[in-house]
Every structure is written in C-alpha cells, then in structure tokens.
Amino acid sequence: VEEMTVNSSLSYFVLTAYIHVGSLKFLCFVVTALVYVGIVLVNTSLMVVICMNRSLHEPMYMFLLSLFVNELYGSTGLFPFLLVQILSDLHTVPAPLCLLQIFCIYMYGNVEVCNLAVMSYDRYLAICDPLHYKSRMTSQKAAVLISGVWFYSVLKLLITLSLNVRLSRCGNVVNSLYCQNYLIVKLACSDTRLNNIYGIFGTVVTVIVPLIPILFSYLRILQVCFSGDKQTRQKAVSTCSPHIVSLLNFSFGSCFQIFQSRFSQNKLPVLLQIVLSLYFLIIQPLLSPVMYGMQMSSIRNTYKRVFCSKVWAAHRDGT
C-alpha cells in the first residue's frame, strides 16, 4: 500500500496557493494575459531592432539580445501555465510538466544573473579601458561568453532535475502558484541529503560567482568616475544606470523568492504573497527592456527609426 502511495503521488502535484475569487477569475485571466502580451511585445520588438540593424551588432547589444531572449523564455515558462491554472477549478499539474517548469524558471534565473555579471564586465572594459575595448571584447568573445552562460545554466539545471527525479515522494501538495524545486524536494520520503548539499552549493555558486565580476567591475568604474572628468562620469551613469536598476530589481525578487520557499510567510497578506512570489518573473521581464530601450540612445533612436517609419509608411499607403 505504501508503494502505491509513493507511485501515485509522482503522477501529479496539487498547487494550493491559488485563492478562490469567483467570477473575478476572468478578470485575473485578462490582466495576466495582457501582462504576458506586454512582456512579449517589448522584448520581441527590441530583439528585432538589434537583429535587423548592423550598427547594433556589437558585444554590448549581443549581451542585451541574450538578456531579452532570456526574459521572453522565463516568462513563457510561467505565463501559459498560469493562465490555464487561473481558469481551472482543480489546480493540479502532471509531474513531468512540473519538472519542465522548474527547469525553465530556474534556468531563467541562472542565465539572468550570469548575463548581468558578463554585462558588468563589458561595461568595466568600455569605461575603464576604452582604448583597448574593441580588441579585448570582440563579437567572437561575446558569443563565447553568451554560449558559456547558457551552457553552464543548462548543465546546472539538468543536474538539479536528475537529483529531483530519483526521489520517492509521500505527498503531492505544494503551497505555491507554480512548481518550485525546493518545495518538491520537501515532499520526498527518501534521503534528500544529496539534494540539500547540491542545493546549497548551487545557490552559493549562483550568487557568489556572478557577484565577483559585478563587484570588481563597479568598484573599478566608481574609481574612474571619482578620478575622471564630468564627461566620463556622465558616460558611466548613462551606460550603467539601466544595468544597475535591472541588477538590483532582479536581486530583490530573487532574494524574496528564496526566502519565501524556505521560511513561512503566513504573517503576510495572501495577495502580497502572491504578488511577491511572481515579482521576479513579471517585473524583471518588463523593466529590463523598458529601461534599456529608454536609457540607451542608440537603441531608442534605432527603435524610433525602424518602427515609426513603418507606421508612417503604412499610414501613407492607407491614405
């Protein structure tokens, strides 16, 4: 009987963080769908701008392209699933789909922080060593760094999933809106020491390894800003401000997500728990492209030229 319980619990999981909103679920569905459409539009439009314009085929914009692709990828790992669950009365998810979602969302987080770390190093070279920037950061080196970030993230998550799949579970109830690795591991009735050790190791590596180039880069940039002239400081602020905002925003969302999965949040209002649990998967994919699109004049001007000219041409042909 015990073996049957273990096997049956592997087939699906029950998500219990969804609150009953009655007829308002259709409003929640529309709002969620509009947010997803907004994320797709802003990220896709900037990806098109970078890909279609040769003037933007430089390392900095290659890193931005990787960032926007990842924002789109992470959102797609959540939103279609979330939209189905909002309309559903039974918030169940098949185990294979749950593991796939864990892979997508956790890989998004890993790629995001590593990509931001590589971008901070790129900004360090551009500001602190501008004369040698083009030789030290070529398009080929940028492609290698981006490929390394994605390959490392895939490998890391495959190990995480392989450790998760081997566990026998005695329960299938997850207090979350979507599948989270730590909460799934907690359901196990087999030995999880290896999972816990690798989980701690993976968290430390994910935080510490990117943090080293980020801190090094910005300490050097600050030194240049304080010792340089006004023009140098303005250049540093204009190129680094969207990166810093994006980095701080993602760090806040990720930290809350880690704390929420490991510590009780019962003292917080349920609605606030829901918003904060989705923060790094909603705000970051919206904020990053908007920040870079508005702050970086090269992207902003190209965006206006490409899309405004097409709108004007369509209007002219229509009249």
Subject >> GNM flexibility winner over the chain from 164, 43, 110 (Cα, springs under 10 Å) >> reply: 164
**OP:** With springs only between Cα atoms under 10 Å apart, run a GNM on the chain and tell me which of 140, 273, 85 wobbles the most.
**Re:** 140
Subject >> the range 14-146: radius of gyration and largest Cα-Cα distance (Dmax), Å >> reply: 19.3, 62
**OP:** Could you tell me the accessible area of residue 57 in Å² (1.4 Å probe, neighbours in place), rounded to the nearest ten?
**Re:** 90 Å²
Original post:
What residue among 251, 288, 23 has the largest mean-square fluctuation in a Gaussian network model of the chain, using Cα springs under 10 Å?
Top reply: 23
Original post:
Taking a probe of 1.4 Å, how large is the accessible area per residue of the range 55-162, in Å²?
Top reply: 40 Å²
Subject >> the range 240-251 - phi-based ³J(HN,Hα) in whole Hz, Karplus 6.51/-1.76/1.60, Gly and Pro as x >> reply: 9, 4, x, 5, 5, 4, 4, 5, 5, 5, 5, 5
**OP:** Considering only lysines 8 or more places apart in sequence, or on different chains, count the pairs in the chain whose C-alpha atoms sit under 26 Å apart.
**Re:** 8
Original post:
In what sequence, highest mean first, do 171-181, 194-204 appear when ranked by Cβ atoms within 10 angstrom?
Top reply: 171-181, 194-204
Original post:
Which Rg and Dmax, in Å, describe the Cα atoms of the range 10-90?
Top reply: 17.3, 52
**OP:** Can you grab the distance from the C-alpha centre of the range 210-256 to the C-alpha centre of the range 69-100, Å, no decimals?
**Re:** 34 Å
Original post:
residue 229 to residue 252: FRET efficiency via 1/(1 + (r/R0)^6), r the Cβ-Cβ distance, R0 25 Å, to the nearest 0.05?
Top reply: 0.15
Subject >> Solvent exposure ordering (accessible area, 1.4 Å, most first) of 229, 89, 129 >> reply: 89, 229, 129
Original post:
When the C-alpha atoms of the range 125-206 are aligned to their principal axes, what extent does each axis show, in angstrom, from largest down?
Top reply: 61, 23, 18
Subject >> Sulfur and carbon atoms: percent of accessible area, the chain [1.4 Å] >> reply: 71 percent
Original post:
Sequence-distant or interchain residues sharing an amide H contact under 5 Å with residue 12, placed H: which?
Top reply: 95
**OP:** For residue 169, enumerate residues with amide H under 5 Å from its amide H, sequence gap 5+ or separate chain, H modeled in the peptide plane.
**Re:** 189
Original post:
Each label point is 7 Å from the Cα along the Cα-to-Cβ direction; what then is the distance between the points at residue 274 and residue 154, in nm?
Top reply: 3.6 nm
**OP:** Express in nm, to one decimal, how much length is gained between residue 212 and residue 191 on full extension, taking 0.36 nm for each residue of separation and deducting their alpha carbon distance.
**Re:** 4.2 nm
Subject >> Nearest-0.05 FRET efficiency for residue 135 and residue 88, computed from C-beta distance (R0 51 Å) >> reply: 0.35
Subject >> Cα long-axis angle, helix 139-165 against the chain (0 to 90 degrees, to the nearest 10) >> reply: 10 degrees
**OP:** Between residue 204 and residue 165, take the C-beta separation as r, use R0 = 22 Å, and let me know the FRET efficiency to the nearest 0.05.
**Re:** 0.45
**OP:** Give the label of the value calculated from the structure for Kirkwood radius over Cα pairs in Å, choosing from (1) 20.5; (2) 20.0; (3) 21.6.
**Re:** (3)
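The values are calculated or read from the model by the stated rules, or taken from the named source; none is laboratory data. Note that the coordinates shown come from a computational prediction; the quantities given were computed from them, not determined experimentally. Using ideal geometry, Cβ is built from the backbone for each residue, glycine included, and neighbour counts are taken over all protein chains shown. Note: areas computed on protein heavy atoms with side chains; ligands, DNA, RNA excluded. Shrake-Rupley method; radii C 1.70, N 1.55, O 1.52, S 1.80 Å.
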